[in-house]
Amino acid sequence: MVEQEQEQLKLNRAWLLDFGRGLQAAVGIHEMSHVLLEAQLYEIPRAPHYCTEVLVFEGMILPVMDVISLIEQQHIVREGYDVIGIAVYQEATTGNLNYAAMHLATMPTPLFVDNRDACELPKYLDYWRPYTLSCFMNEGRAIPIIDFTQLFTPEDV
Amino acid sequence: MFKSIQTADLYVQLVFDGLNLFIPQQDVLSVEIMADLEYTQTTMGAIGWFGQHGHGQNSPVFCLSEDLLLLTELPRNREFFILLKPRHEGELPVGITCDQVEDLNVRYEHLYIQDLPTIMHTKENPVSKLLIYKEQVACICTGIDLVQHIVRLTEEFTHASESMS
């Protein structure tokens, strides 16, 4: 019985996020608030290339992050299926809970992460390093577990 | 019941190229009609001059696009321009053209102003706040930030013009 419980403790629920163009990452199960299949987006002038849009969600104006453009360091035109994920994270400066949105290529996939699958972040995924908490193997592929606080906090703040 | 009008609640709303831009009313000197503008090509990216404001010299008037970049050709539907107060004494007011202009009190309209998300801040971004107005998201710039943004654009424009000539 105790062994069974210990075994269960090693499993953590998470969401696998697919940003498109082969870019995938995972977050804790409580870090995704909603998924919007349709959303009205508004362009904000002179915003950074990876976050040029906002949407209105429950009366709040939220930034919409384009993770592909962030990682590739240039504006990438999205193609194909696009859904919007609403993330919840703790603000770095105030510690307050905050919401932000991001483009996803597909619906997030729920999965269990086993501690025994933990691995080092491979060199070829080094671009994730500033936002990565840890990494694990999923179906033969290394998946970084990312920190939304880092992702949604600009470097110079 | 008497309600006092708070200056901070008063805004001038400009619409151009589909962009809704709110500027604090206290940062705006006047609203003018395009008929009073003297059109001429300039080396600084302005589309013309306006001199009827009593400051002695003509003020440059600029056209901005929806992404707040300079347009050197005047779009057909620009009907008005506003004059922004200068940043410092001795400087001239700066004009910006628009399709529509309206003044409104954000408190009376029950509009909720939110800060621009920090992730969207850049050195080039004069937008500091956002609000939902008529089921659209509108941007708020202070007059000083907008003038500084235009000064930066004119410097780039002048530099680019000189490089080409």
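The values are calculated or read from the model by the stated rules, or taken from the named source; none is laboratory data. The structure presented is a predicted model; accordingly, all values stated were derived computationally and were not measured. Every residue, glycine among them, receives a Cβ derived from its backbone with ideal geometry; neighbour counts consider all protein chains shown. Note: accessible area is taken over every heavy atom of the protein model, side chains too, but ligands, DNA and RNA are not part of it. Shrake-Rupley method; radii C 1.70, N 1.55, O 1.52, S 1.80 Å.
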- Let me have the relative contact order for the stretch A:21-76, percent, based on Cα pairs under 8 Å that are six or more residues apart. 25
- Test assert for the stretch A:49-98: residues whose accessible surface shrinks by at least 20 Å² between chain alone and all chains, 1.4 Å probe, equal A:Cys51, A:Val54, A:Val56, A:Gly59, A:Ile61, A:Pro63
- Query: Per residue and in Å³, how big is the convex hull formed by the alpha-carbon atoms of chain A?
  - Reply: 142
- Could you give the dipole magnitude of the stretch A:1-104 about its Cα centre, charging the beta-carbon of Lys and Arg +1 and that of Asp and Glu -1, in debye to the nearest 20? 180
- Length-normalised contact order of chain A in % [C-alpha pairs under 8 Å, at least 6 apart]: 25
- Note on the structure: Scoring chain B by relative contact order with C-alpha pairs under 8 Å, at least six apart, yields a percentage of 25
- Task: On a 0 to 90° scale, report how tilted helix B:143-164 is relative to the longest principal axis of chain B, with both axes built from alpha carbons and the result rounded to the nearest 10.
- Result: 20
- Query: If you bin the C-alpha pair distances of the protein assembly as shown every 10 Å from 0, what whole percents do you get?
  - Reply: 5, 22, 26, 20, 14, 8, 3, 1, 0
- Accessible-area composition of the stretch A:62-137, carbon plus sulfur, in percent [1.4 Å probe]: 53
- Item | Electrostatic dipole magnitude of the protein assembly as shown [Cβ: Lys, Arg +1; Asp, Glu -1; Cα centre; debye, to 20] | 220
- Under unit Cβ charges (Lys, Arg +1; Asp, Glu -1), what dipole magnitude, rounded to 20 debye, does the stretch B:9-164 have relative to its Cα centre? 180
